[in-house]
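Have a look at the structure below, then the notes.
The values are calculated or read from the model by the stated rules, or taken from the named source; none is laboratory data. Source: prediction; values computed, not measured. As a convention, Cβ positions derive from the backbone with ideal geometry for all residues, glycine included, and neighbour counts pool all protein chains shown.
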Amino acid sequence: MYPELGQLALILSLLLAVLLSVVPLVGSIAGRDNLQGFGRPLATGMFVFVALAFAVLTHAFLTDDFSVAYVANNSNSLLPWYYKFSAVWGGHEGSLLLWILMLAGWTLAVAVFSRRLPSVVVAQVLSVLGMVTVGFMLFTLITSNPFDRLLPNVPADGADLNPLLQDFGLIVHPPMLYMGYVGFAVAFAFAIAALINGRLDAAWARWTRPWTTVAWSFLSLGIALGSWWAYYELGWGGWWFWDPVENASLLPWLSGTALMHSLAVTEKRGVFKSWTVLLAIVTFALSLLGTFLVRSGVLTSVHAFASDPERGVFLLALLAVTVIASLTLYAFRAPVVHVRARYGSLSREIFLLLNNVMLVSATLLVAIGTLYPLVLDYLEMGKLSIGEPFFNITFSPLAVATGLLMGAGIFSRWKKTDGGWLARKLLWPLAISLVATAAVLIGYGGFTPWAFAGIFTAMWVAVATFWDLWEKSASRKGRLHGLKRQSRSYYGMVLGHLGLAIVMAGATVVSNYGIERDVRMVPGDVATVGDYQFVFRDIGERRGANFTAQYGNFDVLQDGEIIASLRPEKRQYSVGMSVMTEADIDAGLFRDIFVAVGERISDDAWAIRLQYKPLVRWLWLGSIFMAVGGFLAIADRRYRVRERSTQKATTGTSVGTAANSAGVVS
C-alpha cells in the first residue's frame with residue numbers, strides 16, 4: 001500500500017512539474033499576471049509530493065519492506081537504523097530521488113525567497129526549473145523507479161548495503177554534494193530567463209549571485225566531505241585520487257568558481273555578460289555530466305551507482321537537449337549580451353578575467369583527462385589510462401597561477417590601476433610571503449620547486465588578504481570600528497580566499513613531505529616512519545552489528561613516549577562476506593598518524609600501511625572556511641535592500657532601467 005502511495009505521489013509531482021514548465025512561461029510571454037502567479041503554488045505542490053514520495057521510500061527502508069526491489073537490493077534487517085536511513089540514497093534509484101527532492105526544494109526556495117523580484121522573472125525562472133524537473137522525473141519513472149515491487153516472491157532478507165557505504169560519510173556527503181550540484185540549476189534558470197527576456201544587467205547578476213554562491217558553498221562542503229570519507233574509509237590514506245567520479249564533482253566546482261567571480265564583475269561594472277551566461281550554462285551542464293558519468297555505466301568506480309545502458313542513453317539525451325537548447329538560445333540572443341567597456345591592463349576587471357581564463361582552462365584540462373579515455377574506449381580505438389601523474393603535473397601550474405593572480409588582484413582597482421602604485425602595494429606582501437615560505441621549507445627540512453611554488457602561493461594569498469583587511473580597517477575611530485564597517489560580503493571574500501590558501505598549503509605540504517610505508521609486521525615488531533615509532537602489540541577480535549572484525553593494537557611513540565594507541569580493523573560482513581579495511585587515525589591540526597591493516601601474509605604476519613600526513617587536515621579546514629565565507633557573503637544586507645528598491649522601480653519599466661534607477665550600475 002505505502003509503495004503505491006509513493007508511486008502516485010511521484011506521478012502527481014510530474015504532472016505539477018509539467019504545469020510549472022508551461023503555465024508561468026505562457027503567462028510571462030502573454031503578459032498574463034494571473035498565469036505567472038501559478039508558479040509559486042505549483043512549485044509548492046511539486047515539492048510536497050516529491051517529499052511525500054521520499055518519506056514513503058524512507059519508511060520502506062526503516063521497516064524492512066523487502067517487497068520493494070530497491071530496499072531488498074540495498075538494505076538488510078541486521079543493518080543499524082541510521083544506515084538504513086542513509087541507504088535510502090545509497091543506490092541509484094534512491095540517490096536519484098534525493099536529487100529530485102533537492103531540485104524541488106531549490107525550486108520552492110526560489111518561489112519563497114524571490115518575492116521582491118519582478119513577477120515575470122520569477123515566472124520564467126520557475127518554468128525553467130520545472131522543465132529540468134520534468135526531465136529527471138521522467139528518467140526516474142521510466143528507467144529508475146524506486147517503488148518497483150518483487151511481489152509475490154518477497155525475499156526473507158535484503159542483499160545488504162555496500163560495506164563501503166556503511167559509514168557516517170554516506171549520511172552527510174551525498175546530500176551536501178547534491179545541494180551543490182542541483183543548486184546550479186537555479187543559476188542556469190536565471191541565465192535562461194535573462195536570455196528569454198533580454199534583460200542581462202547588474203540587477204540580474206545581483207539576483208543570481210546569492211543562489212550561485214549558496215550552491216558553490218554546498219558543493220565545496222560536499223567535495224571536502226567526499227575527500228575526507230575516502231581518506232579514512234578506503235584505507236589508502238590519500239585525500240584525492242583523481243578518480244573520474246571525483247573529477248565529475250570538481251568540474252562544476254571549478255566553473256562555478258569562475259561563475260561567481262564573473263557575476264561579481266557583471267554586478268559591479270555591467271561587463272563580462274557573455275562570460276557569465278555561458279558559465280551558468282556550462283556549470284549546470286557539467287553537473288548533468290557528472291550525473292551521466294555516475295549512472296550510465298561508462299565508469300567502473302567505487303563511486304558509480306549504475307551500469308544500465310538504457311539509463312545512460314536517457315541521461316545523455318537529457319544532457320544533449322539541455323546544452324543544445326541553451327546554446328541555441330544564447331546564439332540567437334548574442335546581441336543582447338554584447339557590451340562595450342574600457343578598462344586598463346592592470347584593472348581589477350583584467351585580473352578577474354585572467355582568473356576566469358585559468359579556472360576555465362583547469363576545467364577543460366580535468367574534463368579532457370577524464371573523458372578522453374572514455375571516448376577512445378567507446379569508439380573502440382584502444383584503452384588509455386590517464387591517472388594521477390598527468391593531473392598533478394598539468395593542474396598544479398594552473399592552480400599556482402590562479403593563486404598568484406588572486407593575491408595581486410586584491411589590491412587592484414576597478415577600471416584603471418596605476419602600475420607603479422600597484423607595485424608599491426605588492427612589495428611588502430611579497431617580501432613577507434617569501435620569508436614565510438622560506439621558514440616553512442626550512443621547518444620541513446627540504447626544498448623542491450613544487451613545494452616552493454605551492455607554499456609561496458598559499459602564503460601570497462593569505463598575506464595579501466590580511467594586508468588588504470589591515471588597510472581597510474584603518475579608521476579615525478580605531479581598527480575595531482574599521483573592521484565593523486566592512487560588509488558581510490567582504491568578510492565572505494576574506495574567508496573564501498583564506499580557505500583557498502589553507503587548502504593549497506595543506507595539499508602542498510602533505511604531497512611533498514608526507515611519508516608512507518607498507519611493511520610486513522608480526523606482533524612485537526617496531527617500524528619507524530619519520531620521527532615516529534609504531535609498535536605492533538597484538539591482534540584482537542570483536543563483533544559488530546552485522547560484521548566481525550580483527551583489529552591490530554598499535555602504540556605510536558615519539559622520543560620514547562607513547563603519544564597514541566591505534567586499533568585499525570579488518571572487517572568481514574555477515575551478508576555477502578565482504579571484507580573491508582577500517583583505518584585508525586591519530587588526528588591533529590598539524591599532522592595525522594595513519595595505520596591500516598592489509599592482508600594476512602602468514603599465520604602471524606600482516607601487511608601494514610603506516611603514514612605520516614602533515615597538514616592533511618588543512619584541506620578540509622580550508623574547505624570549511626570557503627563554504628562559511630560563501631554563506632556569510634549571501635547574508636549581505638544589500639541583496640535584500642536593493643531587491644526592494646528594484647521591485648519598486650520596475651513598475652512600468654524594464655529591469656535594465658530599474659537597475660539604473662536603483663543606482664547599481666557604475
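Structure above, values below:
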| item | result |
| --- | --- |
| Filtered residues of the range 127-153 (kept if in a loop (DSSP other than H, G, I, E, B) and at pLDDT 90 or above) | N145, P146, F147, D148 |
| Residues being surrounded by 14 or more Cβ atoms within 10 Å (Cβ to Cβ) and either aromatic (F, W, Y) or under 30 Å from A72 (Cα atoms) (or both) - total across the range 549-578 | 12 |
| Residue count, the range 225-260 (criterion: farther than 21 Å from S396 by Cβ and either part of a helix (DSSP H, G or I) or in the same structural domain as V595 (by TED's automatic domain parsing) (or both)) | 8 |
| Elements of type helices (runs of 4 or more DSSP H) in the range 29-88, at least 2 residues being closer than 22 Å to R149 by Cα, in contact (Cβ under 8 Å) with a residue 40 or more places away in the chain and in the same structural domain as G6 (by TED's automatic domain parsing) | 39-62, 69-74, 81-86 |
| Residue ID - farthest from M406 (Cα to Cα), chosen from residues in the range 419-444 that are in contact (Cβ under 8 Å) with a residue 60 or more places away in the chain and surrounded by fewer than 19 Cβ atoms within 10 Å (Cβ to Cβ) | Y444 |
| Helices (runs of 4 or more DSSP H) contained in the range 413-490 and holding at least 2 residues among the basic types (K, R) and out of contact with any Gly (no Cβ under 9 Å at 6 or more places or on another chain) | 419-444, 479-485 |
